[in-house]
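Trainee: Shown below is the structure under consideration.
The values are calculated or read from the model by the stated rules, or taken from the named source; none is laboratory data. Since the structure is predicted, the reported quantities are computational estimates derived from the model, not experimental observations. When we count neighbours, we look across all protein chains shown, and the Cβ atoms used for this are built from the backbone with ideal geometry, even at glycine.
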Amino acid sequence: MAELTEPTDLSGLTALVAEVLQIPAAEVTEETGTATTAAWTSLRHVQIVSRVEHAYGIRLTAREVRRCRSVGALRAALTAKRGTP
């Protein structure tokens, strides 16, 4: 697995998700998630959340983890946690 650089903004989220799901970044959209992407399994969900928490220096609550079932939802949670657009 390639090592990701630490993102300073939300632009790295697409690459992070693509890497964990092992799909091209061009295929990752805001709608990419558990309902639309077969590669986004429960195990991959945990991996994505763990990588997001580490990369962005945040902690998601159990409720937030359950709600972050797409890239768009992850981006919204990150924006709320970090207070950045």
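Trainee: What helices (runs of 4 or more DSSP H) lie completely within region 37-82 and have 1 or more residues being touching a residue at least 40 places away in the same chain (Cβ under 8 Å) and among the polar types (S, T, N, Q)?
Mentor: In region 37-82, the matching helices (runs of 4 or more DSSP H) lie at 71-82.
Trainee: Condition test on ALA62, is it modelled with pLDDT under 95 and small (Gly, Ala, Ser)?
Mentor: When the stated conditions are applied, ALA62 does not pass them.
Trainee: Looking only at region 18-36, count how many residues are more than 12 Å from the chain's Cα centre (by Cα), in a loop (DSSP other than H, G, I, E, B) and surrounded by 12 or more Cβ atoms within 10 Å (Cβ to Cβ).
Mentor: The number of residues fulfilling the criteria is 2.
Trainee: Kindly indicate whether ARG59 is exposed (fewer than 14 other Cβ atoms within 10 Å of the Cβ), touching a Phe, Trp or Tyr at 6+ places or on another chain (Cβ under 8 Å) and charged (D, E, K, R).
Mentor: No, not satisfied.
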